[in-house]
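Worksheet for the structure shown next.
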Amino acid sequence: MKQQFWLPLILTLLLTGCGVAEAHPQTLARLDDTAWPTPQPAAALPTPTPFPKISLADLGTPTPTPAVLLEESGVAVQIESTPLPEAGAKAPVQTPVQNAAESYEAIAVAAQNNEATTTLLATPLPARMLHPPADLRPGPGPAYAPIDTLSDDQAKIEVLAVDQSRQWALVKPEHSGAGWMALTDLTVTGQVSAAPAAVTTWIASNGLILRSGPGIYFAEIGPIPTHSLMLVHGLNENRSWALLQPVLGGGQGWLPLQFLTPSVPPAELPIIKDEGGGMKDENKSPISNLQSPISNPHLVFQLSSGGDIMVINPAGTGLRRLTSGLDPALSPDGRQVAFTRWAGETGSLWVINLDGTNERQVSEFTKQAKGPTWSPDGSQIALNFQHGGRLDSKSECANVLRNPNPAIPWNADVPTDQSGDPKVKIHVNEDAEVEALLCWKLPPDPHWGLQVVNLADGHTEDVDGGTYAFHPAWDPAQPWRIISDGGMGLVEADVNQKTARRLTDEIGDSSPAFSPDGRYLAVTMAQGGGTDIFRLNRDGSGRVRLTKTPLWVTATPDKAKPWHNVAPTWSPDASQIAFLTDRAGRWEIWVMNADGGNPQPMFPAEVNAQLNFVYNFVDEQVLSWR
């Protein structure tokens, strides 16, 4: 705000009846304070104040993970055409495998002397432009925007393949990268009829990682350079992953189809199987580093913070009420449920058997205890609690006559007038001095810590998780490590060394949830008016967006709002993620594959009709699946 803005505004106000002679001293009334919500058992939580996002300047910065380079070796694969599943058919669920890298080791790298995969001409056909300039495009057709314009009619051009219509040529110009040109723009030396048909896709996104097989549990091969053209050899059996290879040579690898736009419809792409005729990841045992399998998994969820906690089978049967409380969490063996309760501001930790027996209080006198998470061996529970900070909102003002550019905090609520300009009050203080006051309101700023509770004796110990440790998640593969929402990104707490460091820098990262094997984190992040779920590697790298509101939703005449997808939790075999979403017009539990594919309601409509969720966007731990 510049000084020249305030002076004319103040003079205008004074000349229109706000003169000093008629002014009366007054004191600005304190704005109403909004207390941090205190939910009661078996009652809906009052409207909360959004959790503040404050920087953690005292936390360290993680060391970047170096990129992995592509490697090469040879193998043969077999491709056969398979029609798309019938409309309405449920896509098969991908099952992770033990020693998964062996299954696709041969298909995941460059294949020499391979007759089954898409091939280019061993000896490219020489060509030149007929009528320069001519456009080079990322796909075969005028619908693709040009990536380069070629003007040198003497420049050498190599024809590598053609499209299925045989009207476009995949080319490598002498002074440009690979792309597509219309054959009518070229004069080709040789038999174009001998050129193979190729399918490509243009990579326009950063951070896409090729994998050795069609699934997130296969080893990473390396990153794909942005603005590169890739051959598409085919799809896996459930048509959710594509086998790719750089047009100009390099290793092969798999990438989720959702990130790609092949030059032909996916229904026309072949299905890739290994040389034995089957997909080696079919009907295999779970990945080796998962915890002991649970024979009869369940989903536990809360309808509201402090309200009913329910139990249901993943198939949607056996719905029943278990108890009441906040943030339920199933134990690693799936036999017990931890949760918290509040009496006023005093919180307590509770545990109950899954069958509803032996409900017991484990610890008490913990201020606003929330977010219990079990240690991998089930002997301890970590939770977050409120300790210090400011629990009420706060009003502040600045005299812009003395300070025309006041430092307004980023999270301040500044009242504005009808034109959108900040409101300024002309005020005469006790010393008869005229003041032009710009005022704002700050939200509550509670501080949150981590506490570890020993189940055997109820002993508690505080752990350094930073100033804003919220919604902890205990790493099932590394028992020394707890990840929490730190207000300005995820924070990693070392329960042995009693230290903390920043894991991610995304201010919106919330609700961290580990996969059962500890290899991945699911997090939520608010953006564009909605909330989406992302998957990260355990070290915070490799961010992949799993949910997204389609453009047609917000472009409808009624201007529907973007979807909120919140509270992710992993299935016991780590192949799926359940989450709460309002995309159907009300909160429902949905489920998707771990790569974001095949999202759908988890339960039948008659079950969903019985579940009336309340979500207040304060990192509630709504779901737990074991």
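Taking every residue in the range 137-160 that is open to solvent by less than 60 Å² (accessible area, probe 1.4 Å) and pairing it with any residue that is part of a loop (DSSP other than H, G, I, E, B) and of a type in the set (S, T, N, Q), at least 6 positions away or on another chain, the pairs with Cβ-Cβ distances below 6 Å are Gly139/Ser263; Pro140/Ser263; Asp148/Ser176. All conditions but one from (1) over 24 Å from Leu303 (Cα atoms); (2) of a type outside the set (D, E, K, R); (3) over 11 Å from the mean Cα position of the chain (by Cα); (4) exposed (fewer than 15 other Cβ atoms within 10 Å of the Cβ) apply to Leu503; the one that does not is (4). Here Thr200 clears all of (1) open to solvent by 70 Å² or more (accessible area, probe 1.4 Å); (2) in contact (Cβ under 8 Å) with a residue 12 or more places away in the chain; (3) within 27 Å of Arg239 (Cβ to Cβ); (4) of a type outside the set (Lys, Arg) except the condition numbered (1).
Looking only at the range 129-146, residues that are in contact with a Lys or Arg (Cβ under 8 Å, 6 or more places away or on another chain) and under 22 Å from Pro265 (Cβ atoms) come to 2 in all.
Among the strands (runs of 3 or more DSSP E) lying completely within the range 210-259, list those that include at least 3 residues that are touching a residue at least 40 places away in the same chain (Cβ under 8 Å) and either within 14 Å of Gly597 (Cα to Cα) or open to solvent by 10 Å² or more (accessible area, probe 1.4 Å) (or both).
Values: elements: 220-223, 228-235, 241-246, 253-256.
In the range 210-259, the matching strands (runs of 3 or more DSSP E) lie at 220-223, 241-246.
Taken residue by residue, the range 392-407 has at least one member that is under 29 Å from Ala567 (Cα atoms) and not hydrophobic (A, V, I, L, M, F, W, C).
Can you give me the number of residues within the range 309-331 that are free of Cβ contacts under 8 Å to residues at least 40 places away in the same chain and either in a loop (DSSP other than H, G, I, E, B) or open to solvent by 40 Å² or more (accessible area, probe 1.4 Å) (or both)? Counting residues in the range 309-331 that are free of Cβ contacts under 8 Å to residues at least 40 places away in the same chain and either in a loop (DSSP other than H, G, I, E, B) or open to solvent by 40 Å² or more (accessible area, probe 1.4 Å) (or both) gives 6. The C-beta contact set for the range 352-374 (first residue under 18 Å from Asn454 (Cβ atoms), second residue hydroxyl-bearing (Ser, Thr, Tyr) and open to solvent by 20 Å² or more (accessible area, probe 1.4 Å), distance under 8 angstrom, 6+ apart or interchain) comprises Ser363/Thr460; Glu364/Thr346; Phe365/Thr346; Thr366/Thr346; Thr366/Thr460. Filtering the range 155-177 to residues that are closer than 16 Å to Pro133 by Cβ, in contact with a Lys or Arg (Cβ under 7 Å, 6 or more places away or on another chain) and not acidic (Asp, Glu) leaves only Ile157.
The values are calculated or read from the model by the stated rules, or taken from the named source; none is laboratory data. Please read these numbers as outputs of a predicted model, since none were measured by experiment. Every residue, glycine as well, gets a Cβ built from its backbone with ideal geometry; the counts of neighbours run over all protein chains shown. Calculation scope for accessible area: heavy atoms of the full protein, side chains included, ligands and nucleic acids excluded. Shrake-Rupley method; radii C 1.70, N 1.55, O 1.52, S 1.80 Å.
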